[in-house]
Amino acid sequence: MEMKRRSRSLAEHGSKKLAAAALVLGALCPSVAFAADGHAAESPWADLPFISVAPFVLLLLSIAVFPLAAGHWWEHNRNKGFVSALLSLPLAIYFATAWGDSGQHQLIEKVLEYVSFMALLGSLFIISGGIYVQGSLSGTPIVNTAILGLGAVLANFVGTTGASVLLIRPLLRANARLHRKAHIVVFFIFVVSNCGGLLTPLGDPPLFMGYLHGVPFEWTLRLWKQWLVVNGALLVIFNIWDQISINRDEAEGRDNVLDDVQHHEPLRIHGQHNILLLLGVVATILGAEFLRGAGGGGHNWGQDGCLFGLAAASYFGTRREVHVKNRFSFGPINEVAILFAGIFVTMTPALLILNHYGSRLGVNEPWEFFWVAGTLSSFLDNAPTYLTFAATACGMQNIPFEGHCLADLLARGESSAAILASISSGAVFMGANTYIGNGPNFMVKAIAEENGVKMPGFFGYMAYAGAILIPLFGVVTWLFIV
């Protein structure tokens, strides 16, 4: 029954998220076609038909519709694989035959990007799933704030998904006796599942995709001021909110609330060796960055092999009871692997079209990139959104969107770096605006509800984001972008 509830929740998540994607893409294609009328710059993709975007749109629509129209059929990953292959393979054949060497090059590049994407995502997922934090901390405002602050830092080393998996259950156990605790989960999503992961390519998938396209590993550290302002403000607001919430519980006759939450089980971590493996992931990415800086060309198979090896060492070296306590299974990562295999192939023409006509789309200033990329990241997966606007930025500089193109973009000067910084911060920060803006958001919501927390609905959560996050993003725009 629990698995069925989780499947229904994920289906609803996917349907909402990808229905929004289809609507945006449907609106996007006509605007690109309009821009094509006056664009004269030569490019091998100038004649790429806009209908080639159709498989991407249909794949998103399939993921949105099938959970509702044929939920039981869609629960099986083999059926997801069938749909993904049905839509991506004809497009792959078309590129390989009709576009010759150029088309084959694009396909090979996307396959290699997919391998690296899944190597990182899979290794973080598997290794984090092998760490179980037993017991609970005192659920006081100071301790709760410290956990969120720890998560904001940790997200840059194990990803927002990994940090969310590690910390949400201990946080819920620490606050189990509280009556009002939905706000704790909401701020956890704001900080740990999203805004905390801005400083390294390990933090959030969009930044890792930028890394694969040539952004230096340490480059996102330049966003530390934005990271500090947003996360620092959120932690201060949360601490005040949490203290007021406890005071209200006590005022309503729930005596000794603070004393209650201070009773906790001893803290103990199972699967400690996986912490070393997580450090191995960081060392692997840094080593790959060094080799790239030293002139290593081509795809870094050594990096991918090390990441897969670390994941295998974690899985086979972790006791089964740890995985059981964490409710670990390969189902979620298998679903991601199957669907993203199709997405990486079918999104190719959309990226090429946006790259070719990027200078004609009317988004030119850094603040425009911040808000437009961020708004779409609120409703779409933020990794494709990041790539979409990165391709647009490259198109503005007549840089082909391939290989380490973003390194070339950064070399064009500070104005180009400011645009990429705006895309990066917008994609990461504004994924927190809705439950469907980033993968960990809905996962954390589901875990909280399984533990008896009554979470706000879709629009209720957006009300939190509108009241707290949007003003903060306005401050970020004023301080760092305009």
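FYI, it's all coordinate maths here, none of it is from the lab. Please read these numbers as outputs of a predicted model, since none were measured by experiment. Heads up, the Cβs are rebuilt from the backbone with ideal geometry, glycines too, and the neighbour counts pull from every protein chain shown.
What ³J(HN,Hα) values, in whole Hz, does the Karplus curve 6.51 cos²θ - 1.76 cosθ + 1.60 give for segment 176-193 when θ = phi - 60°, with x put for Gly and Pro?
4, 7, 6, 7, 9, 8, 4, 4, 5, 5, 4, 5, 4, 5, 4, 8, 6, 7
Let's test the formula: R0 of 41 Å, r as the Cβ-Cβ distance of L279 and A98. What FRET efficiency results, to the nearest 0.05?
So, using R0 = 41 Å, E works out to roughly 0.30.
At a Förster distance of 35 Å, what's the computed FRET efficiency of L228 paired with V324, Cβ-Cβ distance as r, to 0.05?
Efficiency, from the Cβ-Cβ distance: 0.35.
Compute the distance in nm between two label points, each set 7 Å from the Cα along the Cα-to-Cβ direction, one at A146 and one at V115.
Here the modelled spin labels are 4.5 nm apart.
Can you work out the FRET efficiency for the pair I269 and N77, with r the C-beta to C-beta distance and R0 = 25 Å, to the nearest 0.05?
0.20
What nm distance separates the two modelled labels at N334 and A70, each placed 7 Å from Cα along Cα→Cβ?
Roughly 1.9 nm, to one decimal.
Please list 3J(HN,Hα) in residue order for segment 93-102, calculated via the Karplus relation 6.51 cos²θ - 1.76 cosθ + 1.60 where θ = phi - 60°; whole Hz, with x for glycine and proline.
Along segment 93-102, the couplings run 5, 4, 5, 5, 9, 6, 10, x, 4, 5 Hz.
Using 0.36 nm per residue, how much length does the chain from Q134 to I108 gain when fully extended, once their Cα-Cα distance is taken away?
Full extension of this stretch gives 4.9 nm more.
Along the Cα→Cβ direction, 7 angstrom out, place labels at W478 and F316. What is the inter-label distance in nm?
5.7 nm
Applying a 10 Å radius around every beta-carbon, put 163-169, 428-434 in order of their mean neighbour count, most first.
Top to bottom by mean Cβ count within 10 Å: 428-434, 163-169.
Determine the distance separating the Cα centre of segment 87-109 from the Cα centre of segment 163-200; give it in Å without decimals.
Using only Cα atoms, the two centres lie 43 Å from each other.
Subtract the Cα-Cα distance of E450 and F50 from 0.36 nm times their separation in residues, and report this length gain in nm to one decimal.
Working it through step by step, the gained length comes to 139.6 nm.
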